Amino acid sequence: MSIISAAVRQIVTHKLKHRGLLESKLRSHLTRPTSCLLCHSSGITSRALKRCRGPSFQFVRCIQVVVNSYEMPEKKFERLPKDVVPKNYNIRLQPDIEKFTFVGSEEVEVEVKSSVKFIRLNCVDIDIKEATFQGTSKVKGELSYDKDEENVTITFPSDLEVGTGVLRLSFTGELNDKMKGFYRSKYTTPSGEERYAAVTQFEPTDARRAFPCWDEPAVKATFDVTMVAPQDRVVLSNMPVKSESPLESNNTMKVVSFERTPIMSTYLLAFVVGEFDYVEDRDSDNVLIRVYTPKGKKEQGQFALEVAQKTLPFYKDYFGIAYPLPKIDLIAVADFSAGAMENWGLVTYRETALLVDPQNTSARVRQWVALVVGHELAHQWFGNLVTMEWWTHLWLNEGFASWIEYLCVDHCFPEYDVWTQFINTDMGRALELDALDNSHPIEVEVNRPSEVDEIFDAISYSKGASVIRMLHSYIGDGSFRKGMNLYLNRHKFGNTQTEDLWAALEEASGKPVGSMMSTWTSQMGFPVLKVSQKQEGRSRTLTVEQEKFCADGKQAGEGYLWLLPVTVSTASKPDVPVKTILLDCSSSTITLDDISPDEWIKVNAGTVGVYRVQYSAEMLEQLIPAIRDKSLPPKDRLGLQNDLYALARAGRASAVDVLKVTEAFVNEDNYTVWSDLSMNLSSVAQLLQYTDVYPQFKAYVIKLFSSVAASVGWDSQPGEGHLVSMLRDIVLTRMGRYGDKATVAEAEKRFLAHASGEQVLPADLRGPVYITVLTNGGEAVFDKMLELYDKADMQEEKARINRALGSTQDEGLIRRTLQFAMSDKVRSQDSVFVIGGVTGSVKGRELAWQFVKDNWKELHNRYEGGFLLSRLVKSTTENFVTEEKAKEVEEFFTVNPAPAAERTVQQSCENIRLNARWMSREAEAVSAYLKSKA
């Protein structure tokens with residue numbers, strides 16, 4: 001009962017004031033009346049709960065009873081009134097990078113649309129000193145803050161007259177250490193001195209931490225920014241510098257004013273004060289591009305500069321609209337929670353997402369930089385020029401940019417073969433998450449800004465990108481381009497909803513885009529197509545049936561239907577679809593002519609459709625030789641095995657049969673196919689770690705990888721492609737982690753030479769070597785790795801080392817890694833990944849989870865309200881394998897609520913229960929099979 005009381009107290013404190021939100025959350029948790037595990041109550045009959053869906057949250061009735069017992073009115077979130085709206089902000093800020101404070105003032109030109117006595121705008125952690133309004137006369141306002149709603153109401157002595165006026169505010173604030181709003185970022189100068197920069201991160205709702213504003217995406221305005229900063233600091237904002245002069249009262253300071261911005265949303269504003277070098281050039285349209293780097297490292301900005309030079313003209317051509325600003329800055333920020341942020345004209349990045357060292361950057365990171373640059377520059381049009389009306393449509397920004405970044409990089413670097421990688425890195429990730437009961441639709445109603453962080457996930461980004469890729473393929477590139485131009489020109493400098501994009505694409509293509517895509521954005525999940533065939537002479541008829549794919553293999557019931565393009569390829573034409581239909585019902589038939597009986601058929605050609613395929617045994621058997629001889633194209637080999645692993649996890653296929661199919665990949669040489677296969681084998685490994693057959697599984701994987709390991713070897717060859725380097729990384733990592741003796745011996749030899757300075761490891765080999773020696777070594781290796789970490793001058797190398805440390809198998813060293821994660825040596829943005837790095841073993845998993853519980857208060861304080869908290873929760877909980885662990889996780893987060901990670905907690909518990917089912921269903925048969933292969 002004490003746990004219940006604590007849970008109720010916490011949840012009521014956090015949520016009761018937003019009762020509508022509470023009930024909406026509860027609806028996502030229950031499928032039917034259930035009993036409370038903690039107090040044995042049963043028969044939940046609350047009207048709100050009858051509509052609930054999802055299997056977790058077992059003690060909700062107790063909470064609901066207490067909530068209902070409180071006699072207090074519902075307090076629903078309301079967006080800001082539109083009686084007074086801004087037209088232009090004239091902002092002046094002076095950060096103190098020693099005291100970590102700032103002073104500011106602003107003059108906001110506003111339009112008073114109706115006669116009111118007050119102005120309400122957003123404001124958090126800002127102390128307004130004075131507020132006045134200048135209309136026909138000047139009046140002083142009284143301030144009233146609402147901390148929970150993150151706003152301030154300024155009340156005036158009499159009604160404001162309809163028309164224009166100026167709201168003047170003076171205020172102070174804090175340069176916080178939370179990586180949001182206007183915050184401080186610590187860096188080290190080339191001489192070794194620690195200093196701070198003042199930087200911004202406003203998306204989704206943190207501009208209000210820098211200056212009082214209407215902090216909603218639809219309330220657009222223009223901005224005039226002036227910054228007061230030390231003379232020796234670089235000062236940047238969205239627009240070019242208009243003027244720069246010494247501060248009259250202090251000639252060690254300067255006043256920098258910037259040109260007026262286009263009309264834009266507050267979350268896209270940015271400013272930076274710090275010490276940076278830069279490289280610059282212009283694109284073919286004479287747009288000035290600069291890449292800002294830490295002092296002394298400007299050569300590390302050259303690759304991103306070259307990518308940007310290619311990317312801006314590509315997007316201009318694709319969208320049919322020139323880049324709207326006169327310059328674009330890309331800047332590496334030392335402390336940054338996200339990968340990057342698309343501020344208009346001043347894009348901020350983590351160092352690891354922007355900087356490329358010619359000698360010390362791996363092929364994988366180089367490719368990552370290209371994709372992130374492509375993603376953020378796409379937003380300059382799609383998101384900045386045209387912006388979603390409210391956070392409900394966040395996916396429209398992020399899903400689109402996550403798709404077109406691949407189109408852009410494929411244009412710039414066709415040798416990267418990024419579209420095959422898309423199936424692994426984005427589509428596969430999205431399908432894995434979206435099969436859960438605790439997923440959510442692509443477009444999810446956001447009732448209040450605090451809910452936005454929950455949907456910065458693989459559904460908004462990766463599933464969004466996947467359905468756009470499918471739509472692009474269905475209507476064709478020409479129609480897609482035409483539709484994009486219509487959409488952007490029709491809505492430029494304005495705000496849109498999802499339907500606006502569908503309308504433009506439907507108009508351009510003449511195809512039922514709106515009706516098709518609504519089935520993908522408004523309902524959760526995706527289908528599995530069950531396929532069977534019948535041969536009659538030279539004709540073959542396929543029967544396809546769609547149903548919702550559930551991660552636990554259950555029948556989802558009626559009511560789920562998608563409009564989906566179904567494509568088919570054949571052995572005689574493996575690279576192009578020979579037939580495409582739009583499946584708009586639960587089942588249909590497809591007839592193919594001139595097909596011999598022994599010819600294989602592949603449904604979902606190129607793995608473009610966002611669905612899984614379950615073949616009849618006969619059809620699957622025909623495809624296996626095409627895997628072995630690679631006549632089935634890489635995208636299809638990848639999609640086929642990825643579907644098989646998912647079907648086995650759901651209990652719709654035998655895990656043993658899937659392992660047998662896996663052996664057909666013995667001749668595989670494609671990087672992305674191996675990458676996906678490796679990830680699936682790793683997920684099996686995490687389960688088999690709880691059995692006595694794990695050694696046999698490692699031997700099985702070593703044997704599977706041996707041929708490709710011999711093929712790629714240890715050293716790059718002259719003229720070797722980008723993807724071979726990435727393949728070598730995966731193969732050697734897997735061989736080393738699983739203890740292949742020859743791989744371990746070679747890695748240890750090369751590590752000793754590297755650590756002593758005798759022979760520095762190439763960047764592409766460092767990851768696999770570090771992981772191998774840490775997995776198989778002891779304290780001496782661990783200490784040497786920490787020495788290398790301390791000496792490393794590049795954040796990429798520090799990240800490579802700190803994420804590898806958790807590979808150690810020694811309990812004492814795992815504990816040291818966890819302590820190291822929270823030390824001053826690790827940036828707050830990286831601590832989550834260091835902690836998650838220890839979860840690759842059973843012991844590491846247990847220790848990491850205990851560490852999170854023991855340090856929850858500090859961790860929650862660090863990451864509250866951000867997506868890093870969700871990543872921490874996910875990595876340290878989802879790979880357990882018992883019902884007891886699922887309950888333990890649920891109970892902990894009931895007593896210690898984390899609203900920004902609430903959905904992640906539910907998903908983790910669901911995954912734990914899926915793991916438990918797999919263990920009871922498959923472990924014995926898989927064990928017997930692996931022992932027979934030993």
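Filter region 419-446 down to the residues that are part of a helix (DSSP H, G or I), crowded, with 23+ Cβ neighbours inside 10 Å and among the hydrophobic types (A, V, I, L, M, F, W, C) and list them by number.
F422, I423, M427, A430, L431
Tell me, please, whether a residue that is surrounded by 21 or more Cβ atoms within 10 Å (Cβ to Cβ), among the polar types (S, T, N, Q) and over 30 Å from I321 (Cα atoms) can be found in region 505-520.
no
Within region 700-744, how many residues turn out to be open to solvent by 60 Å² or more (accessible area, probe 1.4 Å) and part of a helix (DSSP H, G or I)? So that I can check it myself, show each step before the final result.
First, the residues of region 700-744 that are open to solvent by 60 Å² or more (accessible area, probe 1.4 Å): 703, 707, 710-711, 715-719, 737, 741-742.
After this cut, where a residue has to be part of a helix (DSSP H, G or I) as well, the list is 703, 707, 710-711, 737, 741-742.
Residues that pass the stated criteria total 7.
Checking the condition touching a residue at least 12 places away in the same chain (Cβ under 8 Å) and open to solvent by less than 50 Å² (accessible area, probe 1.4 Å), which residue from A901, A934 passes? Spell out the reasoning first.
Numbers: A934 fails: open to solvent by less than 50 Å² (accessible area, probe 1.4 Å).
Answer to the check: A901.
Answer yes if at least one residue in region 467-490 is modelled with pLDDT of 95 or more, open to solvent by 40 Å² or more (accessible area, probe 1.4 Å), closer than 30 Å to A551 by Cβ and small (G, A, S), and no otherwise.
Yes, there is a match, as at least one residue in region 467-490 is modelled with pLDDT of 95 or more, open to solvent by 40 Å² or more (accessible area, probe 1.4 Å), closer than 30 Å to A551 by Cβ and small (G, A, S).
Just one of the numbered conditions (1) of a type in the set (V, I, T); (2) assigned to a helix (DSSP H, G or I); (3) open to solvent by 20 Å² or more (accessible area, probe 1.4 Å) is not true of V452; which one?
Status for V452: all satisfied but (3).
Is there any pair with a first residue in region 484-511 that is free of Cβ contacts under 8 Å to residues at least 24 places away in the same chain and a second that is surrounded by 15 or more Cβ atoms within 10 Å (Cβ to Cβ) and of a type in the set (S, T, Y) whose Cβ atoms are under 7 Å apart and which are 6 or more apart or on different chains, and what are they?
Short answer, once both residue conditions are applied: D500/Y487; A504/Y487.
Output the residues belonging to region 568-586 that are farther than 18 Å from R538 by Cα and buried (at least 21 other Cβ atoms within 10 Å of the Cβ).
L583
Can you name the number of the only condition in (1) more than 27 Å from T876 (Cα to Cα); (2) surrounded by fewer than 23 Cβ atoms within 10 Å (Cβ to Cβ) that G639 fails?
With (1) more than 27 Å from T876 (Cα to Cα); (2) surrounded by fewer than 23 Cβ atoms within 10 Å (Cβ to Cβ) applied to G639, the lone miss is (2).
Within region 653-665, is even one residue closer than 16 Å to E922 by Cα and among the aromatic types (F, W, Y)?
No: region 653-665 contains no residue that is closer than 16 Å to E922 by Cα and among the aromatic types (F, W, Y).
Looking only at strands (runs of 3 or more DSSP E) that lie completely in region 462-556, which have at least 3 residues being more than 18 Å from N397 (Cβ to Cβ)? Spell out how you get there, then give the answer.
Numbers: elements: 494-496, 527-536, 539-548.
The strands (runs of 3 or more DSSP E) meeting that bar are 527-536, 539-548.
Any residue that is of a type in the set (S, T, Y) and either closer than 15 Å to V905 by Cα or surrounded by 19 or more Cβ atoms within 10 Å (Cβ to Cβ) (or both) - is there at least one of those in region 879-887?
Here is the first cut: in region 879-887, the residues of a type in the set (S, T, Y) are 882.
From what is left, the residues that are either closer than 15 Å to V905 by Cα or surrounded by 19 or more Cβ atoms within 10 Å (Cβ to Cβ) (or both) are none.
No, there is no match, as no residue in region 879-887 is of a type in the set (S, T, Y) and either closer than 15 Å to V905 by Cα or surrounded by 19 or more Cβ atoms within 10 Å (Cβ to Cβ) (or both).
Please go through region 823-832 and pick out each residue that is free of Cβ contacts under 8 Å to residues at least 40 places away in the same chain and either more than 23 Å from the chain's Cα centre (by Cα) or part of a helix (DSSP H, G or I) (or both). Walk me through how you get there before you give the answer.
First, pick out the residues of region 823-832 that are free of Cβ contacts under 8 Å to residues at least 40 places away in the same chain: 823-826, 830-831.
Those that are free of Cβ contacts under 8 Å to residues at least 40 places away in the same chain and either more than 23 Å from the chain's Cα centre (by Cα) or part of a helix (DSSP H, G or I) (or both): S823, D824, K825, D830, S831.
Assess whether V673 counts as being on the phi < 0 side of the Ramachandran plot, touching a Ser or Thr at 6+ places or on another chain (Cβ under 7 Å) and among the hydrophobic types (A, V, I, L, M, F, W, C).
Details: on the phi < 0 side of the Ramachandran plot: yes; touching a Ser or Thr at 6+ places or on another chain (Cβ under 7 Å): no; among the hydrophobic types (A, V, I, L, M, F, W, C): yes.
No.
Specify which of the listed residues (D335, D317) is under 24 Å from Y183 (Cα atoms) and either touching a residue at least 60 places away in the same chain (Cβ under 8 Å) or of a type outside the set (F, W, Y) (or both). Spell out how you get there, then give the answer.
Details: D317 fails: under 24 Å from Y183 (Cα atoms).
Criteria check complete, one pass: D335.
Could you list, in sequence order, the residues of region 76-97 that are closer than 11 Å to W214 by Cα and either free of Cβ contacts under 8 Å to residues at least 24 places away in the same chain or assigned to a loop (DSSP other than H, G, I, E, B) (or both)?
Matches in region 76-97: R79, L80, P81, K82.
Would you be able to say whether some residue in region 284-304 is out of contact with any helix residue (DSSP H, G or I) (no Cβ under 9 Å at 6 or more places or on another chain), crowded, with 22+ Cβ neighbours inside 10 Å and within 30 Å of P768 (Cβ to Cβ)?
yes
State yes or no: is N151 open to solvent by less than 40 Å² (accessible area, probe 1.4 Å) and over 23 Å from D329 (Cα atoms)?
Details: open to solvent by less than 40 Å² (accessible area, probe 1.4 Å): yes; over 23 Å from D329 (Cα atoms): yes.
Spelling it out, N151 is indeed open to solvent by less than 40 Å² (accessible area, probe 1.4 Å) and over 23 Å from D329 (Cα atoms).
Considering only region 308-324, I want to know if a residue exists there that is in a loop (DSSP other than H, G, I, E, B), buried (at least 22 other Cβ atoms within 10 Å of the Cβ) and in contact with a Gly (Cβ under 8 Å, 6 or more places away or on another chain).
No, there is no match, as no residue in region 308-324 is in a loop (DSSP other than H, G, I, E, B), buried (at least 22 other Cβ atoms within 10 Å of the Cβ) and in contact with a Gly (Cβ under 8 Å, 6 or more places away or on another chain).
Hand me the list of helices (runs of 4 or more DSSP H) wholly inside region 760-807 holding 2 or more residues that are among the β-branched types (V, I, T).
Values: elements: 763-776, 779-791, 795-804.
Result: 763-776.
Just name the residue that is nearest to E746 (Cα to Cα) out of those in region 771-797 that are open to solvent by 40 Å² or more (accessible area, probe 1.4 Å) and not acidic (D, E). Write out each step before concluding.
Taking region 771-797 first, the residues open to solvent by 40 Å² or more (accessible area, probe 1.4 Å) are 776, 779-780, 783-784, 787, 790-791, 793.
So of that shortlist, the ones also not acidic (D, E) come out as 776, 780, 784, 791.
Details: N776: 12, A780: 17, K784: 17, K791: 24 Å.
My answer is N776.
Looking only at residues that are among the polar types (S, T, N, Q) and free of Cβ contacts under 8 Å to residues at least 40 places away in the same chain in region 699-758, which one is farthest from L930 (Cα to Cα)?
In this case the residue turns out to be S756.
The values are calculated or read from the model by the stated rules, or taken from the named source; none is laboratory data. Note that this is a predicted model, so its numbers are computed, not measured. Glycine gets a Cβ as well: all are built from the backbone with ideal geometry, and neighbour counts include every protein chain shown. We work out accessible area using only protein heavy atoms, side chains counted, and drop any ligands, DNA or RNA first. Shrake-Rupley method; radii C 1.70, N 1.55, O 1.52, S 1.80 Å.
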